[in-house]
Amino acid sequence: MRNIYLVLGAVGTALLSANCGRTDSSIDQMELTAANAQRLVIPTSNAGVTFKNVQRTLVAAFTERGAPLANVSLPLEARDRFIVRNVNSDRLGLSVETVGIRNVTAQIENGLVHYRDAFGEGTDVMHRVTTEGTEDYVSFANAPAEAKLSYKVSLGKEIAGLRLISNTLEFVDANGAPRLRVNPPAGVDAHGNTFAAHLAVNDCAVDSDPRAPWGRPVTRPGGSICTVSVTWDSSIAYPATIDPAWVTGASMAQNNISHEMA
């Protein structure tokens, strides 16, 4: 899988820059075009992050950064769940199972957590943990059987609803405030072209009203476990990497905007 990273890095993969300073939670995914993009760097290291193995769970800690906005733990075995919690409350959290992943053991390299051959030979799931959450890179050497990733998401007790607006999925509290989110996912193909990926939710009701969520009733999900899917155009050129990010509601940055190799 190192070859995939080298190929994508060499062609100068791109992702948006025009939205870098924006704080609007409903950024239109159609703006993710190479024409107004800066280079997307797939990291080879993640300085200042360490992991402690606590009961077969990798708990992230930061040695060179500010106070975290999220608490993140990753599984030692890939089939177990990764967890992202708002730092203000353990009940404002998500427990995420990656559907269809093999039970491979995590490898920590330069502050990054890899699950090699996670969906079969030639795939790599890699997590880059930050103070805001975790970026979940999924790299495919060849086209998968279906251009889709699925996640079973268990909602913390203080997650009152879901809001899906302009390809951003927000997890809101009882007052409608976004506490956690999945940023608009995107990917890069073998030619370094950025392509959009799209979020959908099954098994739970979602709010799709573009109005601000405050001051109106929260749409209740109707269950505590939701299926979140990421899909993309099956005709893209491989190898390719898809990059959803699971972060706090305070994080308005898009995936990998202006990230440099740490």
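The values are calculated or read from the model by the stated rules, or taken from the named source; none is laboratory data. Values in this document were obtained by computation on a predicted structure and should not be read as measured data. Using ideal geometry, Cβ is built from the backbone for each residue, glycine included, and neighbour counts are taken over all protein chains shown. Ligands, DNA and RNA are excluded from the accessible area calculation, which covers all protein heavy atoms including side chains. Shrake-Rupley method; radii C 1.70, N 1.55, O 1.52, S 1.80 Å.
Details
- Counted as qualifying within the stretch 113-166 are the strands (runs of 3 or more DSSP E) with 1 or more residues that are open to solvent by 50 Å² or more (accessible area, probe 1.4 Å), namely 148-155.
- Among the candidates 79, 56, 91, residue that is on the phi > 0 side of the Ramachandran plot and modelled with pLDDT of 50 or more: 56
- Scanning the stretch 223-249 for residues that are open to solvent by 40 Å² or more (accessible area, probe 1.4 Å), within 28 Å of residue 147 (Cβ to Cβ) and either in contact (Cβ under 8 Å) with a residue 24 or more places away in the chain or of a type outside the set (Ser, Thr, Tyr) (or both) gives 225, 231, 233, 234, 238.
- In the set (1) closer than 17 Å to residue 136 by Cβ; (2) in contact with a helix residue (DSSP H, G or I) (Cβ under 7 Å, 6 or more places away or on another chain), the condition left unmet by residue 193 is number (1).
- Among the residues of the stretch 42-99, the ones that are surrounded by fewer than 17 Cβ atoms within 10 Å (Cβ to Cβ), without any contact (Cβ under 8 Å) to a residue 40 or more places away in the chain and charged (D, E, K, R) come to 5 in all.
- In the stretch 201-219 there is no residue that is at pLDDT 95 or above and in contact with a helix residue (DSSP H, G or I) (Cβ under 7 Å, 6 or more places away or on another chain).
- Within the stretch 178-190, residues that are surrounded by fewer than 24 Cβ atoms within 10 Å (Cβ to Cβ) reach partners that are among the aromatic types (Phe, Trp, Tyr) and not in a strand (DSSP E or B) with beta carbons closer than 8 Å, at six or more positions or on different chains, in the pairs 189/238; 190/238.
Table: residues versus (1) within 15 Å of residue 171 (Cβ to Cβ); (2) outside any loop (DSSP other than H, G, I, E, B); (3) at pLDDT below 95; (4) among the aromatic types (Phe, Trp, Tyr).
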{"residue": "221", "(1), (2), (3), (4)": "yes, no, no, no"}
{"residue": "228", "(1), (2), (3), (4)": "yes, yes, no, no"}
{"residue": "237", "(1), (2), (3), (4)": "no, no, no, no"}
{"residue": "241", "(1), (2), (3), (4)": "no, yes, no, no"}
{"residue": "250", "(1), (2), (3), (4)": "yes, no, yes, no"}
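- Tally of residues being out of contact with any Gly (no Cβ under 8 Å at 6 or more places or on another chain) and open to solvent by 10 Å² or more (accessible area, probe 1.4 Å) across the stretch 167-177: 4
- The test for being among the aromatic types (Phe, Trp, Tyr) and under 16 Å from residue 248 (Cβ atoms) holds for residue 82.
- Residue within the stretch 211-221 that is more than 23 Å from residue 71 (Cβ to Cβ) and either among the acidic types (Asp, Glu) or open to solvent by less than 20 Å² (accessible area, probe 1.4 Å) (or both) present: yes
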